[in-house]
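Written below as structure tokens is the structure these notes are about.
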Amino acid sequence: QAVEMANTYQSPQSSIMQPATDPLAELRDIHQPGMIETWPPAPGWWLLAIIFIVTAAAILTKFFRHWRANKYRREAIKELDLLLTDWESHGDDRIYLTALQDLLKRVALSHFPRDQVASLTGEAWVKFLDNSSGSHDFSIGEMELLIDGNYRPELSVNVEKMQSFASQWIRQHDNRFLVKTS
């Protein structure tokens with residue numbers, strides 16, 4: 001009888017353990033989160049997209065304005081190339097020099113104020129070309145012929161150098177080099 005009692009008797013410690021013999025069996029399965037939605041994006045992505053679009057539009061607008069503002073330069077370079085082709089066909093330095101003077105004057109008139117450029121001739125014209133290019137290429141050397149070359153009885157022009165200087169001036173002239181005179 002003592003053995004039976006010992007089998008039926010449970011200590012307080014064993015009664016606490018018995019109902020919880022398998023605590024994991026009573027747990028519910030892991031709850032999987034739902035799919036992450038890709039639309040609509042979070043507010044930060046909207047803000048980033050707006051910043052990107054505004055920046056891209058500003059860059060494209062600036063590029064287009066610059067390209068459009070420099071159309072006269074592209075046209076002048078084409079005409080300068082035609083001057084060289086014409087000179088190669090006829091070889092007359094005086095005709096070339098006159099045509100180059102006209103081209104440079106038209107380019108200057110299309111970019112600078114008319115009252116500042118239209119009346120310039122001779123040394124004042126060459127000084128203007130030097131000032132607007134930030135160099136002394138026109139007042140020293142081969143380009144001095146722009147001062148009085150058409151009035152010289154003997155004229156010899158280094159067309160390649162003149163083409164080079166004229167092309168450089170057309171591509172790079174700028175208002176910031178000009179000195180205000182009062």
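The values are calculated or read from the model by the stated rules, or taken from the named source; none is laboratory data. Just so it is clear, the model here is predicted, and its values are computed rather than measured. Reconstructed Cβ throughout: ideal geometry from the backbone, glycine too, with neighbour counts over all protein chains shown. Areas reflect the complete protein model, heavy atoms only, side chains present, ligands, DNA and RNA absent. Shrake-Rupley method; radii C 1.70, N 1.55, O 1.52, S 1.80 Å.
So with the 1.4 Å probe, I'd like the accessible area per residue for the chain, rounded to whole Å².
77 Å²
How large is the Rg to Rh ratio of the chain when both quantities use alpha carbon positions and Rh follows Kirkwood?
Numbers: Rg = 43.1 Å, Rh = 23.4 Å.
Dividing the radius of gyration by the Kirkwood radius yields 1.84.
Show that you can apply the helix-only estimate: for the chain, add -39,500 (n - 2.57) for every DSSP H stretch of four or more residues, divide by all residues, and state [θ] at 222 nm to the nearest 500.
The helix-only estimate for the chain comes to -19500 deg cm²/dmol at 222 nm.
On a 0 to 90 degree scale, rounded to 10, what angle separates helix 71-90 from the longest Cα axis of the chain?
40 degrees
Largest first, please: the extent of the C-alpha atoms of segment 18-60 along each principal axis, to the nearest Å.
77, 13, 11
For segment 83-170, which GluC sites (Glu not before Pro) pass both filters: DSSP loop (anything but H, G, I, E, B) and at most 12 other C-beta atoms within 10 Å? Could the numbers behind the result be given before it?
Details: sites: GLU88, GLU123, GLU142, GLU144, GLU154, GLU160; in loops: GLU154.
When the GluC sites (Glu not before Pro) of segment 83-170 are filtered for loop state and at most 12 Cβ neighbours within 10 Å, GLU154 remain.
Considering only PHE112, LEU97, GLY141, whose Cα is most displaced toward the positive end of the charge dipole of the chain, charges sitting on Cβ of Lys, Arg (+1) and Asp, Glu (-1)?
Farthest along the dipole direction, towards plus: PHE112.
By average Cβ neighbour count within 10 Å, what is the ranking of 126-134, 74-82 from highest down?
Going from most to least packed, we get 126-134, 74-82.
Counting pairwise Cα distances across segment 104-182, what percent come out greater than 14 angstrom?
62 percent
Can you give the local net charge around ILE77? Use residues other than it whose beta-carbon is closer than 14 angstrom to its beta-carbon, Lys and Arg +1, Asp and Glu -1.
+3
Rounded, prolate or oblate for segment 65-134? Axes are the square roots of the Cα gyration tensor eigenvalues, ordered a ≥ b ≥ c, and the cut-off for rounded is a/c under 1.5.
oblate
Report the label-to-label distance for ARG73 and TYR151 in nanometres (one decimal), using points 7 Å from each Cα along the Cα→Cβ vector.
For the pair ARG73/TYR151, the computed spacing is 3.4 nm.
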